Every structure is written in structure tokens, then in C-alpha cells.
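To keep things clear, I will list the structure first and then write my remarks on it.
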Amino acid sequence: LPTQVTFTRESKLSQSRKTEKQQSNLWRFVPMATNTQEQQSQAGRHQEVGHKSLLQSDALYQYILETSVYPREPEPMKELRELTAKHPWNLMTTSADEGQFLNMLLKLINAKNTMEIGVYTGYSLLATALALPDDGKILAMDINRENYELGLPVIQKAGVAHKIDFKEGPAMPALDQLVEDEKNHGSFDFVFVDADKDNYINYHKRLIELVKVGGLIGYDNTLWNGSVVAPPDAPLRKYVRYYRDFVLELNKALAADPRIEICMLPVGDGITLCRRVK
Ligand code: SAM
Ligand code: CA
């Protein structure tokens, strides 16, 4: 897995004063502090998502977290976030502000039957489970059960594990199976997709059948570390460069799909909400 990196750019104001060539040099990766004194002295500051922040500054993002996210974060989500921070792949976790957003969104749409593709230790899953009514359901899929089981005790303690049906394995065959049975068509209120980016378009073909008209699909990481606008010579990490083309293709395809209305939000690493209209 990649080491932590920050993808930075200068402020819009200073960019506007530079030539295009100069601007292309503004994109660069900056390694994040890992286990250094600096990092320890920043205890309580966000660590896992600095590279994902699409805001003008890290300080502004920190302000959001400290002012409106952390003070209102449910205790089990805090516990799961802190547990996940110790895991070597913590870069994959959903950020706390995005978790808060998902939780409110699910309540706003009165979601009951939902699906999540890409669980990891379950931060977005817990944000979902806490938002659903007691008889709500989440079909949660991941190829890795071990990481899900790391977070599971926290989910159980929160009293929401009964809403989760965890399915271990690749999502595609499971989706194909769901599509085969017509009674699943139009049965999901919400689907959160946060897994293998090279399959999002294939997932979309199936999910559009499974989500109800008026329901939502959320595709995560659609701004892909900001790399969607990086110049061709930008020093992107290998995995960022590899998946970038798939994310670009997905974004184009979603924008052209008449079956959905879309809204791309710069929350977390970018989330595109798709509301099925036909
Ligand atoms: N939503 C999670 C959270 O809040 O922490 C983060 C998910 S993480 C970015 C991506 C996950 O997708 C990993 O746990 C990985 O095992 C899973 N994954 C990768 N390929 C998959 C596939 N083909 N089907 C299902 N899950 C997959
Ligand atoms: Ca994500």
C-alpha cells in the first residue's frame, strides 16, 4: 500500500498570477509526517485525510473537523476511527466529515434498504447503520472479512450489527446475482460505492437496476486526490495514476447518463451523488 502523501496546490489567487506552464508545476506530492515528533505533537489533528483535503488549506479542513465534526461524532464512530487509525491501511478509511455527511444524508432520504460496496473496518458502514431505523438493512460487501471483523465489536457495542448483512467476496458476481432476481429491482434506497475504482462503471450498470427511482447511489473518491485535473507530467503515485483514468471515464459517463441526476460534492475525496430518475 502507498505511504501517506499530500497532494497540494497553491491558492487560487497565486495560481491565477502564474502562466499555464508554471501552474502545471504547482502539482506535487508532499510526503506526510509519519510517526515523527511533529505528528505526535499534532495529536488530535487529522492524520488520515490530509492528502484528501480539497479545501484551500489544511487549517480550514481542521477547523471543520474541530468545530462541527468531532464535537458531534457519535462515541462508537470515534472509537472506530481511533481503532482504524492504528491500522496500516488507514489511508482507506472514510473521513469523519464524510461520515457525518453520509449519516445526515441517509436520515434526510429516510433510507431503509441500503448497500455498501467496500467496507474496510466499517467507518462509513457504522455511519450508515446508525442512521437507519431499527429495521433498516445494509448489504455490505468486501473481499476482506478480516478488516470488517476488526471494527465489528464496536458496531456490535453500538447495537446496530443486526442491520448488517456482510457478504465476503467480490461485489460483481453478487450484484449479478441480485440483478437476476427481478424482485430486487428498484429495491434499494441508497448504495455507497467505495471499492475498486476500475469497476465503478460496471457496478453502475447493475446498480441502476437495483436502486429505486428516486433513490441514490454515492460513488466515492470521484476527485481522486485532485488528480483528475493534474497535468500529464504530474508526479502521481503509481496507484493514483492507474485509477485516475477509470475515475475520469466514470465522471464522464455519469455526467452523460440520462437515467440519473448528479451532484459532485467536494467532501472527503469527492463523492458523486446520483439520483435515479428513470
Ligand atoms: N468505506 C470504507 C470505510 O469507510 O472505511 C473504505 C473502503 S476501502 C477505500 C476499499 C475497500 O474495497 C477495501 O476494504 C477492499 O478490500 C474493498 N474491495 C476491493 N475490491 C473489491 C471488490 N472487487 N469487491 C468488494 N470489495 C472490494
Ligand atoms: Ca473512499
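What the table below lists for this structure:
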| quantity | calculated |
| --- | --- |
| In the stretch 222-246, the residues that are away from ligand 1 (no atom under 13 Å from the Cβ) and either in a helix (DSSP H, G or I) or among the small types (Gly, Ala, Ser) (or both) | GLY226, SER227, VAL228, VAL229, ALA230, ALA234, LYS238, VAL240, ARG241, TYR242, ARG244, ASP245 |
| ALA253 vs. criteria in contact (Cβ under 8 Å) with a residue 12 or more places away in the chain, surrounded by fewer than 20 Cβ atoms within 10 Å (Cβ to Cβ), more than 16 Å from ligand 1 (Cβ to nearest atom) and under 21 Å from LEU55 (Cα atoms) | no |
| LEU105 surrounded by 17 or more Cβ atoms within 10 Å (Cβ to Cβ), more than 9 Å from ligand 1 (Cβ to nearest atom) and closer than 17 Å to LEU152 by Cβ | no |
| Candidates VAL267, VAL228 - the one that is among the β-branched types (Val, Ile, Thr) and closer than 22 Å to LYS107 by Cα | VAL267 |
| Within the stretch 155-221, strands (runs of 3 or more DSSP E) holding 2 or more residues that are under 23 Å from MET264 (Cβ atoms) and in contact with a helix residue (DSSP H, G or I) (Cβ under 8 Å, 6 or more places away or on another chain) | 188-193, 211-220 |
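Residue by residue, here is whether (1) near ligand 1 (Cβ under 9 Å from one of its atoms); (2) within 17 Å of the chain's Cα centre (by Cα); (3) part of a loop (DSSP other than H, G, I, E, B); (4) modelled with pLDDT of 95 or more holds:
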{"position": "GLU66", "(1), (2), (3), (4)": "no, no, no, yes"}
{"position": "TYR70", "(1), (2), (3), (4)": "no, no, no, yes"}
{"position": "PRO76", "(1), (2), (3), (4)": "no, no, no, yes"}
{"position": "GLU79", "(1), (2), (3), (4)": "no, no, no, yes"}
{"position": "GLY99", "(1), (2), (3), (4)": "yes, yes, no, yes"}
{"position": "ALA111", "(1), (2), (3), (4)": "no, no, yes, yes"}
{"position": "GLU116", "(1), (2), (3), (4)": "yes, yes, no, yes"}
{"position": "LEU125", "(1), (2), (3), (4)": "yes, yes, no, yes"}
{"position": "PRO133", "(1), (2), (3), (4)": "no, no, yes, yes"}
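The values are calculated or read from the model by the stated rules, or taken from the named source; none is laboratory data. In this text, all values refer to a predicted model and were calculated from it rather than measured experimentally. Please note: Cβ atoms are built from the backbone with ideal geometry, for glycine as well, and neighbour counts cover all protein chains shown.
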